Amino acid sequence: MKEYLLELLNEEVPARFQEDATRMLKERMETACLSAGITVSFLEAYGTPRRLVLHGELAEEIPARTEERRGPKGEASEAILQSFLASLPAYAQTEKRETPKGSYWFALLSHPARPTQEVLPDLIAQVLTQFPWPKTMRWGSSSFAWVRPLRNILCLFAGVPLNFTFQGLQTTDETVGHRFLAPERFSVSDFSSYKAALSQRFVLLDRAERAEILKKQFQILEQRHNLIIVEDAALFAEVLGLVEWPVALLGKIDPQYQDLPEELIITPMRVHQRYFATRHKDGTLAPFFICVAGTKTADGGKRIVQGNEMVLRARLADARFFFETDKKIPLEQRTQALSQRIFHRRLGTVAERLPRLQAWGCLLQDLFQEEAFFQEVRSQDRERAIALCKADLGTEAVKEFPELQGIMGGYYAALQGESPAVATAIQEHYRPQGIKDAVPETSLGVLLALADKWEMIWSLFQIEERPTGSKDPFALRRAALGIIRILETHHLSLNLTSLFQQHTASEKETVTETCLSFFRERLKGRLKDMGISISVVSSLLEPQ
């Protein structure tokens with residue numbers, strides 16, 4: 001076995017593409033090698049914003065082998081036979097052979113042994129040309145499409161550069177380090193020295209190593225400033241794809257913006273600037289943020305922090321403007337605009353959805369009337385919360401930050417004098433929006449969240465907008481799992497057959513088994529995830 005090293009040096013690859021790209025590069029290169037008869041000892045892939053890297057061990061030689069291809073039937077026309085023969089290399093031998101399925105033409109191809117280094121250039125070109133990036137671009141006069149301009153290809157096999165040209169780029173045994181801290185070219189002889197040389201030049205090739213270093217930097221900042229950095233796995237993963245040399249820095253939030261709702265502070269930091277929020281030990285939002293630079297500076301990052309603080313002030317000034325503008329218009333007036341907002345072309349506007357939500361809310365409250373959890377829910381609060389729950393969709397804050405729908409509505413409801421129960425329910429009714437998101441805590445919030453999710457599932461199933469194996473554009477699976485988690489967390493029981501029958505009677509619609517079956521499958525998955533055996537789950541949930 002001989003060592004194989006491939007580095008593709010690009011302009012910065014979007015962070016959201018990197019993990020899939022490294023995985024697919026490994027899989028496709030391994031498949032190409034095996035198809036060509038190259039034995040693969042191992043292959044591992046690495047990704048940074050600027051480079052995709054493959055490292056592994058391959059057999060030095062492809063052994064001689066014989067390949068057999070079945071062609072057309074023995075009685076096929078001369079034209080079909082000639083077409084088959086034309087697809088074969090000149091050295092192929094053909095014969096007609098009887099099989100259990102009849103007479104067929106067969107071709108025998110004898111492939112002589114070949115050095116791996118002769119085959120690799122074509123395999124690399126094949127993998128790169130057919131690589132399935134979600135988005136690509138072209139540059140120069142080439143028709144080749146890649147995610148970002150490809151600047152250098154380093155390729156070694158058995159310690160020797162593989163010399164070939166791909167899309168105008170001559171492969172080499174050289175690469176560069178950090179774009180700003182070590183841009184000079186250096187030569188590479190093997191993977192071990194390559195990785196070490198990159199580290200000396202401020203490039204951490206291994207994503208796991210970058211993550212570990214960044215976590216340690218976070219811990220140091222937390223201890224030094226007596227803070228807690230808000231955990232955000234998605235943002236952390238994104239940041240790892242933005243830097244080759246992470247440097248965590250602490251910045252300060254301008255005090256004049258600290259009276260804004262904390263979500264209106266955190267969201268611009270997270271969405272626009274990729275900053276991490278911080279909290280005091282008592283859980284309150286701290287006036288600091290963490291930014292991750294991709295370079296070290298002589299002043300210890302002072303100017304970087306100043307620049308980020310200046311940008312954040314502008315972002316929060318916008319947030320302040322949105323907030324103050326929104327407060328001038330009561331939520332009740334904003335509901336009028338919902339008649340212009342399409343929910344679904346066959347289901348009408350968001351305004352037309354509100355009566356359906358009211359019907360579901362009323363029905364659910366009736367079904368839960370024996371549950372102690374709902375005893376304090378007043379019908380007038382339920383009706384008011386449902387009437388206002390979608391009103392914030394037209395606010396400036398939610399237009400800018402769709403993630404804050406419901407949340408901002410709750411703040412505005414409280415500011416205009418709605419009851420705490422109504423305001424909190426509006427804030428809670430989209431939850432949970434993911435597997436790690438908390439479920440609603442209040443009884444009215446639970447009722448509103450269940451009504452919202454059931455109405456969406458039911459309405460879309462009625463017009464046959466159901467999830468398929470690969471697509472779920474309306475996130476109905478997530479909605480169903482949200483319902484399950486809400487019921488589970490608050491120890492509530494709900495008879496789905498009774499729910500659908502009563503809802504059908506009130507709206508003169510036919511209850512479809514597909515809706516029950518869909519929910520049954522989600523419940524099966526949830527129970528299996530909890531460790532309950534498949535046989536027990538099936539015996540409980542399979543229709544009798």
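The values are calculated or read from the model by the stated rules, or taken from the named source; none is laboratory data. From a predicted model like this one, the values you see are computed outputs, not experimental measurements. Quick reminder, even Gly has a Cβ in these numbers, built from the backbone with ideal geometry, and neighbours come from all protein chains shown. SASA here: full protein model, heavy atoms, side chains in, ligands and nucleic acids out. Shrake-Rupley method; radii C 1.70, N 1.55, O 1.52, S 1.80 Å.
Below are the figures for this structure:
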quantity: Fraction of antiparallel bridges per DSSP, the range 141-260 only, in percent to nearest 5; calculated: 90 percent
quantity: Accessible area per residue in Å² at 1.4 Å probe, computed on the chain; calculated: 50 Å²
quantity: Rounded if a/c under 1.5, otherwise prolate or oblate - the range 335-419, Cα gyration tensor axes; calculated: oblate
quantity: Sorted largest first, extent of the chain alpha carbons per principal axis (Å); calculated: 86, 74, 46
quantity: Cross-link partners of Lys302 among lysines (Cα-Cα below 28 Å; sequence separation of 8 or more within a chain); calculated: Lys215, Lys216, Lys252, Lys281
quantity: Cα-derived Rg to Rh of the range 260-414, Kirkwood definition; calculated: 1.11
quantity: 10 Å Cβ shell holding at most 13 others, DSSP loop, chymotrypsin sites (Phe, Trp or Tyr not before Pro): longest site-free stretch of the chain; calculated: 181-544
quantity: Accessible-area composition of the chain, carbon plus sulfur, in percent [1.4 Å probe]; calculated: 50 percent
quantity: Loop-located trypsin sites (Lys or Arg not before Pro) in the range 83-182 whose Cβ has at most 11 other Cβ within 10 Å (DSSP); calculated: Lys101, Lys135, Arg138
quantity: Overall Cα dimensions of the range 98-193 - principal axes, largest extent first, Å; calculated: 69, 34, 23
quantity: DSSP-assigned coil residues among trypsin sites (Lys or Arg not before Pro) in the range 342-413, each with at most 13 further Cβ atoms within 10 Å; calculated: Arg345, Arg346, Arg378
quantity: Cα-centre dipole for the chain with unit charges at Cβ (Lys and Arg positive, Asp and Glu negative), debye to 20; calculated: 700 debye
quantity: Listed pairs Lys436/Lys471; Lys26/Lys528; Lys26/Lys73 exceeding 28 Å between Cα atoms; calculated: Lys26/Lys528; Lys26/Lys73
quantity: Simple Cβ-charge dipole of the range 70-115, Lys/Arg +1 and Asp/Glu -1, about Cα centre, in debye nearest 20; calculated: 200 debye
quantity: Vicinal HN-Hα couplings computed from phi for the range 8-13 (Karplus, 6.51 cos²θ - 1.76 cosθ + 1.60; Hz; Gly/Pro x); calculated: 9, 8, 10, 5, 4, 7
quantity: Reciprocal mean inverse distance between Cα atoms of the range 26-104 - Kirkwood radius, Å; calculated: 16.3 Å
